Amino acid sequence: MQRALPGIRSETADGVTPVVTGRRISIGSRQLLDDEDVSWADSAGFASIHTASGFLLSRLEPAKRRAERRPRWSASVAAAAEVILETHRREGASANARLASIAEIADAARLSYSSTAKALTDFDEAGYTEKVGASRGPTAGRALRDPGALLSDWAARQSMNAGDRVQLHVPWREPQRSLELLNDVIGDSEWAVSGAVAAEQIAPFLTQTVDLRAYVAQGELHEIRRMLTAVPDVREVRSGGRIMLKTAEPHLFALAERSGGVPVAPAVRVYADLVHRGGRLEEAAEHLREVAIGF
């Protein structure tokens, strides 16, 4: 093909467009012809034909797409995902925005460098992220290719009903009173409100909320339970409590933001918690996603 190219013109003087044909034109030959703006076609029906008048016919083989493998949602993978998603939300970035470095994500997620690197490799294979820039060095990095898919898949595997938790009954129905109780009793501890009450702080939607759901630091749940049940009219119940407390990983409290003096869990976690409850709370989750998350 290289020997033949010098004698081939993309268009003759009378406007005729030569087309190189063959039973099979290799990828390398196609590239050579394209570089010289020479049209070509093969017996399989693949072709790239263009004229000076602007006519273009292009029929190429579909690009082979690697099968995407969903990650195993271990605690470390979920923590890395939450940090990436919440950071993306706060920065208001678009799809394909460049991610922070592995070391920065590891620090924010309270993970080791190796476990964070493994999580990001899993995200690459799932199609959520992709490597950009050089393979190594200061220009190497990753971009968030599909934040919406990552949020949906991550949220589907979060559940406030899993893990260590405590439910408390109180005689009042106003969640504001429950917030005041938590502020008075455990205000110096690490905690963050989630669920419907948190959603009302971020993107109001519901006309009425009754129960309060909050996260507390791992290792402090039993002491917080003891302090709260020592308050008159507060007692522990097995189900149906108007206050639910659940343990969370340290990175959640670092991502929490205060609103009206109340620590509020990251918006992506609030979204995940609402999705799992269904009904009107699932509608509130979609409103939150549209108004405050954006992907």
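If you go through segment 218-227 one residue at a time, do you hit one that is open to solvent by less than 50 Å² (accessible area, probe 1.4 Å), in contact with a helix residue (DSSP H, G or I) (Cβ under 9 Å, 6 or more places away or on another chain) and modelled with pLDDT of 95 or more?
So far as segment 218-227 goes, yes, one or more of its residues are open to solvent by less than 50 Å² (accessible area, probe 1.4 Å), in contact with a helix residue (DSSP H, G or I) (Cβ under 9 Å, 6 or more places away or on another chain) and modelled with pLDDT of 95 or more.
Within segment 257-291, work out how many residues are within 17 Å of ILE84 (Cβ to Cβ) and among the aliphatic types (A, V, I, L, M).
Qualifying residue count, segment 257-291: 5.
Given the residues ARG136, ARG98, ARG89, which is the only one that is crowded, with 17+ Cβ neighbours inside 10 Å and either of a type in the set (Lys, Arg) or modelled with pLDDT of 95 or more (or both)?
Numbers: ARG136 fails: crowded, with 17+ Cβ neighbours inside 10 Å; ARG98 fails: crowded, with 17+ Cβ neighbours inside 10 Å.
Answer to the selection: ARG89.
Output the residue which, of all residues in segment 181-197 that are in a loop (DSSP other than H, G, I, E, B) and modelled with pLDDT of 90 or more, is surrounded by the most Cβ atoms within 10 Å (Cβ to Cβ). I'd like the intermediate steps shown before the answer.
Pass one, segment 181-197, residues in a loop (DSSP other than H, G, I, E, B): 187-190.
If we keep only those that are modelled with pLDDT of 90 or more too, we end up with 189-190.
Values: SER189: 14, GLU190: 17.
So the residue we want is GLU190.
So that you can scan it fast, the table gives a plain yes or no per residue for (1) surrounded by 15 or more Cβ atoms within 10 Å (Cβ to Cβ); (2) part of a helix (DSSP H, G or I); (3) among the polar types (S, T, N, Q):
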position	(1), (2), (3)
LEU179	yes, yes, no
ALA199	yes, yes, no
ARG213	yes, no, no
VAL216	yes, no, no
SER239	no, no, yes
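Let's see how each residue does on (1) within 25 Å of SER152 (Cα to Cα); (2) not in a helix (DSSP H, G or I):
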site: HIS222; (1), (2): no, no
site: ARG225; (1), (2): no, no
site: LEU245; (1), (2): yes, yes
site: ALA285; (1), (2): yes, no
site: ARG289; (1), (2): yes, no
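Among the residues in segment 96-105, are any basic (Lys, Arg) and either assigned to a helix (DSSP H, G or I) or farther than 27 Å from VAL270 by Cβ (or both)? Steps first, please.
From segment 96-105, those basic (Lys, Arg) are 98; that's our starting set.
Those left that are additionally either assigned to a helix (DSSP H, G or I) or farther than 27 Å from VAL270 by Cβ (or both): none.
No, segment 96-105 has no match at all.
Identify, please: which residue in segment 36-64 is outside any strand (DSSP E or B) and open to solvent by less than 70 Å² (accessible area, probe 1.4 Å) and is, among those, modelled with the lowest pLDDT? Reasoning before the result, please.
Initially, segment 36-64 is screened for residues outside any strand (DSSP E or B), giving 36-38, 43-46, 51-55, 60-64.
Subset that is open to solvent by less than 70 Å² (accessible area, probe 1.4 Å): 38, 44-46, 51, 54.
Working: VAL38: 84, ALA44: 77, GLY45: 81, PHE46: 84, THR51: 78, GLY54: 69.
So, considering only residues that are outside any strand (DSSP E or B) and open to solvent by less than 70 Å² (accessible area, probe 1.4 Å), the one modelled with the lowest pLDDT is GLY54.
When the residues of segment 10-35 are filtered to those that are at pLDDT 75 or above and in a loop (DSSP other than H, G, I, E, B), which remaining residue is surrounded by the fewest Cβ atoms within 10 Å (Cβ to Cβ)?
The selected residue is ARG23.
The values are calculated or read from the model by the stated rules, or taken from the named source; none is laboratory data. Computed from a predicted structure; not experimentally measured. No Cβ is skipped: glycine too gets one built from the backbone with ideal geometry, and neighbour counts run over all protein chains shown. Surface areas here come from the heavy atoms of the whole protein model, side chains and all, with no ligands, DNA or RNA. Shrake-Rupley method; radii C 1.70, N 1.55, O 1.52, S 1.80 Å.
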